[in-house]
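**Student:** The following block contains the structure, expressed as structure tokens.
Since every read-out is calculated from the coordinates, none of them should be taken as a lab result. Nothing here was measured: the structure is a model prediction, and the numbers come from that model. Counting neighbours? That spans all protein chains shown, and the Cβs are built from the backbone with ideal geometry, glycine included.
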């Protein structure tokens, strides 16, 4: 469990809707997406965390062979309030890896702004079959 000034980040449980896959990642890899809860009223605002991606295919993998990706998804009504940056910074600092990436669609200006606030820089683009183009943002320790 992680806490910030306004948020609580906890591991998912079987009672969290749409979190089964993320719970399995925690069980397999010891990392995954946290459920992000607003401390003031216990509202679930989204999820933020780290998953491991194959460095060539960019598909989710298990074990130490993957490249860690820091990702965030917030419910629409909680966007634009700084929660994504606050939660992503807490996860990045907790994970403490020398290298992280974030895959962000080129038209997702809000997530690009979050990446910039985290001092990430774009290092190129990739195309994922069946999923489109993403800009690879690199976070450095």
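**Student:** Would you mind giving the average projected area, over all directions, of the Cα convex hull of the chain in nm² with one decimal?
**Tutor:** Over every viewing direction, the Cα hull of the chain projects on average to 8.3 nm².
**Student:** Counting pairs of alpha carbon atoms under 8 Å apart in space and at least six apart in sequence, what relative contact order in percent does the chain give?
**Tutor:** 17 percent
**Student:** Under a point spin-label approximation (7 Å from Cα along Cα-to-Cβ), what is the residue 4-residue 78 distance to one decimal in nm?
**Tutor:** It is 1.0 nm.
**Student:** How far is it, in nm, from the label point at residue 127 to the one at residue 28 when both lie 7 Å from their Cα along the line to the Cβ?
**Tutor:** If labels sit at residue 127 and residue 28, their model points lie 2.7 nm apart.
**Student:** In addition: Stretch residue 138-residue 107 to full length: gain in nm at 0.36 nm per residue minus the Cα-Cα span?
**Tutor:** Difference between extended and current length: 9.4 nm.
**Student:** Something else now. At 0.36 nm per residue, minus the direct Cα-Cα distance, what do residue 20 and residue 41 gain on full extension? Give it in nm, one decimal, please.
**Tutor:** Full-extension gain reported as 5.2 nm.
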